[in-house]
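S.K.: Quick one: this structure, given as structure tokens, is what I'll be asking you about.
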Amino acid sequence: MKSALITGITGQDGAYLAKLLLSENYKVYGLYRRISTPNFWRLQSLDIYDKINLISGDLNDMSSIINAINASNPDEIYHLAAQSFVEASFESPLATAEVTGLSTTRILEAVKLMKLDSKVYYAGTSEMYGSSYLNKSLNESDVFQPMSPYAAAKLYGYWISRIYRDGYNIFVSSGILFNHESEIRGMEFVTRKIANQVAKISLGLENKIYLGNIEAKRDWGYAPEYVEAMHKMLEYNKPDDFVIATDETHTVKEFLEYAFDYINDDYNKYLEIDKRFVRPLDVPALKGDYSKAKEELNWSPKTRFKDIVKIMVGEEIKRWKKYLNGDQFPWDVPNYPNENNLLKTYRGHVK
């Protein structure tokens, strides 16, 4: 039985990856950050919480990393943990650099010092490209030009991974993943925010949706398929870097339109542009060329953009209906002012 250690196991990708590895008969360990209110709802929603060996720790603390490695004795290490919200990285650039950037060095240094044979996966991001190319499908050879503290921290992790691969012969592969969404995406991301607000509008719980730049274009895929690519990278016969994408772009506005189409309504009746959600610098467009992953890993995206929107909005509506009929929040939603009073009015009336 192989063993895998996943940092960031409570996040979207960590949860889906854990489910995949469990299906492959791995013994799965997850490093998570201890907080007063543990964030295990994704693992619980995928029905894998009781099947994972959870280890609390801090990626800023080398002893925590060594402890997690000793406890898991991993054949594979998937380093997914990060401060991964672009907007928040402008507000907390130093914390983003520590957690998103330097944690990668700590993990690779631990592998080196402990003389491990563990294969390592590093979670790169399309944000590293910045606005280098606006009308091109980006591949592994294209130039990086980060436009946020998050992207800069990720780019550091990418280059330090290559240095340890080439300098110390550590098997470390980087996935340059373009945007990937799902029904367990974090609420801070625009796709989940839209899906959640549209669901609430459809049930009469909200009458506005506030967004920033709706003209930004992104290459959006489906997260459960992207974690399959991560695993394929460590199963491949050599370490390398791979773009994981769909080679299509869609605007935030398109996501909004399809989401409201799902509930047979018009977004123009509800949309308010709020400057608070406009970033100091924003990458206008990103599109990825996954041909290398297709050729060498036999990986291709399957779920298309419109279907992802349907999946997310449909699941959000199901969750709100359950909650309105008495269930507790089993998922990640913020608490809105006077929401309890509002829900009391509607609870029991939605079937």
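S.K.: Any residue that is touching an Asp or Glu at 6+ places or on another chain (Cβ under 8 Å) and surrounded by fewer than 16 Cβ atoms within 10 Å (Cβ to Cβ) - is there at least one of those in the range 255-262? I'd like the intermediate steps shown before the answer.
M.R.: From the range 255-262, those touching an Asp or Glu at 6+ places or on another chain (Cβ under 8 Å) are 260; that's our starting set.
Filter again for surrounded by fewer than 16 Cβ atoms within 10 Å (Cβ to Cβ), leaving none.
Checking the range 255-262: not a single residue is touching an Asp or Glu at 6+ places or on another chain (Cβ under 8 Å) and surrounded by fewer than 16 Cβ atoms within 10 Å (Cβ to Cβ).
S.K.: On to the next question. Looking at (1) touching a helix residue (DSSP H, G or I) at 6+ places or on another chain (Cβ under 6 Å); (2) part of a strand (DSSP E or B); (3) under 17 Å from LEU155 (Cα atoms), which is the one condition that is false for LEU31?
M.R.: (3)
S.K.: Same structure again: Of all residues in the range 113-150, which are part of a helix (DSSP H, G or I) and surrounded by 15 or more Cβ atoms within 10 Å (Cβ to Cβ)?
M.R.: SER126, GLU127, MET128, TYR129, PRO149, TYR150
S.K.: Scan SER56, SER72 and give me the residue that is within 24 Å of LEU234 (Cα to Cα) and either touching a His at 6+ places or on another chain (Cβ under 8 Å) or among the polar types (S, T, N, Q) (or both). Don't jump to the end; show me each part of the working.
M.R.: Values: SER56 fails: within 24 Å of LEU234 (Cα to Cα).
Being within 24 Å of LEU234 (Cα to Cα) and either touching a His at 6+ places or on another chain (Cβ under 8 Å) or among the polar types (S, T, N, Q) (or both) holds for just one of SER56, SER72, which is SER72.
S.K.: Of all residues in the range 156-188, which are hydrophobic (A, V, I, L, M, F, W, C), surrounded by fewer than 21 Cβ atoms within 10 Å (Cβ to Cβ) and within 18 Å of GLY130 (Cα to Cα)?
M.R.: Matches in the range 156-188: TRP159 only.
S.K.: Please work out if GLU254 is more than 22 Å from VAL190 (Cβ to Cβ), modelled with pLDDT of 95 or more and of a type in the set (D, E, K, R).
M.R.: No, not satisfied.
The rows are residues; the columns are (1) within 14 Å of the chain's Cα centre (by Cα); (2) over 19 Å from THR303 (Cβ atoms); (3) part of a strand (DSSP E or B).
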{"position": "THR191", "(1), (2), (3)": "yes, no, no"}
{"position": "ILE194", "(1), (2), (3)": "no, no, no"}
{"position": "GLN197", "(1), (2), (3)": "no, yes, no"}
{"position": "TYR226", "(1), (2), (3)": "yes, no, no"}
{"position": "MET233", "(1), (2), (3)": "no, yes, no"}
{"position": "PRO239", "(1), (2), (3)": "no, yes, no"}
{"position": "ASP247", "(1), (2), (3)": "no, no, no"}
{"position": "LYS253", "(1), (2), (3)": "no, yes, no"}
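S.K.: Here is a follow-up. Being farther than 20 Å from SER182 by Cβ, touching a Phe, Trp or Tyr at 6+ places or on another chain (Cβ under 8 Å) and β-branched (Val, Ile, Thr) narrows it down to one of VAL243, VAL283, VAL313, so name that one. Step through it out loud before you land on a result.
M.R.: Details: VAL243 fails: farther than 20 Å from SER182 by Cβ; VAL313 fails: farther than 20 Å from SER182 by Cβ.
None of the other options fit; the residue is VAL283.
S.K.: On to the next question. Considering every residue within the range 267-279, establish whether at least one is surrounded by 15 or more Cβ atoms within 10 Å (Cβ to Cβ), out of contact with any Pro (no Cβ under 8 Å at 6 or more places or on another chain), closer than 29 Å to ILE9 by Cα and not aromatic (Phe, Trp, Tyr).
M.R.: Checking the range 267-279: at least one residue is surrounded by 15 or more Cβ atoms within 10 Å (Cβ to Cβ), out of contact with any Pro (no Cβ under 8 Å at 6 or more places or on another chain), closer than 29 Å to ILE9 by Cα and not aromatic (Phe, Trp, Tyr).
S.K.: Identify, by number, the condition in (1) among the aliphatic types (A, V, I, L, M); (2) under 21 Å from GLU188 (Cα atoms); (3) in a helix (DSSP H, G or I) that ALA110 doesn't meet.
M.R.: (2)
S.K.: For the range 162-196, which positions are farther than 25 Å from LEU17 by Cα and touching a residue at least 40 places away in the same chain (Cβ under 8 Å)?
M.R.: Passing the criteria: only TYR168.
The values are calculated or read from the model by the stated rules, or taken from the named source; none is laboratory data. Note that this is a predicted model, so its numbers are computed, not measured. Cβ: placed from backbone, ideal geometry, glycine included. Neighbour counts: every protein chain shown.
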